[in-house]
1. Taking the residues in segment 95-122 that are under 30 Å from residue 146 (Cα atoms) and out of contact with any helix residue (DSSP H, G or I) (no Cβ under 6 Å at 6 or more places or on another chain) as candidates, determine which candidate is surrounded by the most Cβ atoms within 10 Å (Cβ to Cβ).
2. Checking residue 192 against (1) surrounded by fewer than 20 Cβ atoms within 10 Å (Cβ to Cβ); (2) assigned to a helix (DSSP H, G or I); (3) in contact with a helix residue (DSSP H, G or I) (Cβ under 6 Å, 6 or more places away or on another chain), which single condition isn't satisfied?
3. Considering only segment 282-312, how many residues are closer than 17 Å to residue 231 by Cβ and touching a residue at least 24 places away in the same chain (Cβ under 8 Å)?
4. From the list 116, 130, 65, which residue is over 22 Å from residue 342 (Cα atoms), out of contact with any strand residue (DSSP E or B) (no Cβ under 7 Å at 6 or more places or on another chain) and touching a residue at least 40 places away in the same chain (Cβ under 8 Å)?
5. Can you say whether residue 335 is in contact (Cβ under 8 Å) with a residue 24 or more places away in the chain, closer than 25 Å to residue 320 by Cβ and assigned to a helix (DSSP H, G or I), as far as the supplied structure shows?
6. With 236, 243 as the choices, which residue is surrounded by 15 or more Cβ atoms within 10 Å (Cβ to Cβ), at pLDDT 95 or above and under 14 Å from residue 166 (Cβ atoms)?
7. So, restricting to helices (runs of 4 or more DSSP H) that lie completely within segment 344-451, which ones have at least 1 residues that are buried (at least 17 other Cβ atoms within 10 Å of the Cβ) and at pLDDT 95 or above?
8. Could you go through segment 233-240 and let me know if any residue there is touching a residue at least 24 places away in the same chain (Cβ under 8 Å) and farther than 27 Å from residue 329 by Cβ.
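The values are calculated or read from the model by the stated rules, or taken from the named source; none is laboratory data. All values derive from a computational prediction rather than experimental measurement. Using ideal geometry, Cβ is built from the backbone for each residue, glycine included, and neighbour counts are taken over all protein chains shown.
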């Protein structure tokens, strides 16, 4: 059964604030790309510079985390065929996350001397972001707990949420230390050496592992492919979970107990990296199987672009292994992070968002009258030939930006970032047109009983 048919039969309730999450996430993405195009942060500044940290967290929290939270509030119920634990919590969650991100950005700008140091930005950011992500974990955790036993994609989300908890704990420690709230020696050591662990927990655990779990189900639904519950999927889950445990727990113990005077974290991360590569190899095998076994012979734009994003993930994994083996990882880590963040996660996010917005808009507008009157299809809400050029331009710009970092030519990077901004704006324009039903012929747009959806807020009634 397709995702449309499943949701109509199951009576899935729309998450009221998911579109607001998506809108603010896209605004953060456009802002980050605009800053990169103007030379703000890396590579014009060092990786550890406050300006770079602003960029990293606008992308990681403002774009990717808001996108993922909004998607999970809507699609975790689809994964487990149950309603979300609370439909009221997503709004205060969103407020806390956005306010916390703004406070965190101000804290980094304080370190750069751009904001007055009198305001306690880091403690405020620690409090607000902790509360926002705690509400996220509570709401999704209670939803998943009530649906045991879980499917394999849902277990990926569970592991991703655990990684989110670790990411937030480390982030709070960093914020309190950088803000001067604590001078505890152990926490200072963890702040000084724990950035790789924080990055692995956030980028590899919360964002990538959760995205992998959701992609298993969404790709299968959107391409009418068989669900994967076999050994390779279980292997990807097992290897990935162990890799994250080794990196996060092992790395933290290594720092706190000073194991190895020079490479106390390096050895742990190497072991975790080998396990992680095994998990990604199995995931790649599964995705290839989904594409080959799909019943929808014509691959839609969102699935084609998701395929490019997965290919970018594979390329990033191979490149990471080569750079680590040749001792060049530290020199080119900025290029790797950019490629993972924009080539894989952002590429996948934009591709799935293009389909998700169309599907949720169709479900909200036409689901209540389905079977009572002729309605457009989900694909009638989009015009793929108008959008595909923006996606291809976006990926080409990401590849060019990564190459510019590898050859260490910042002017070319800024040009590529500007092209990324233009391409992303083109994709966003297509998504907005979809939400406004602008691509549907006027005589078919609103049949009897259908209502025009609002741009940023969805009607929560079941279909």
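1. Looking at the filtered set, the residue picked out is 98.
2. (3)
3. 9
4. Of the residues listed, the single one that is over 22 Å from residue 342 (Cα atoms), out of contact with any strand residue (DSSP E or B) (no Cβ under 7 Å at 6 or more places or on another chain) and touching a residue at least 40 places away in the same chain (Cβ under 8 Å) is 130.
5. Yes, satisfied.
6. 243
7. Helices (runs of 4 or more DSSP H) meeting the threshold: 347-366, 384-406, 410-435.
8. Yes.
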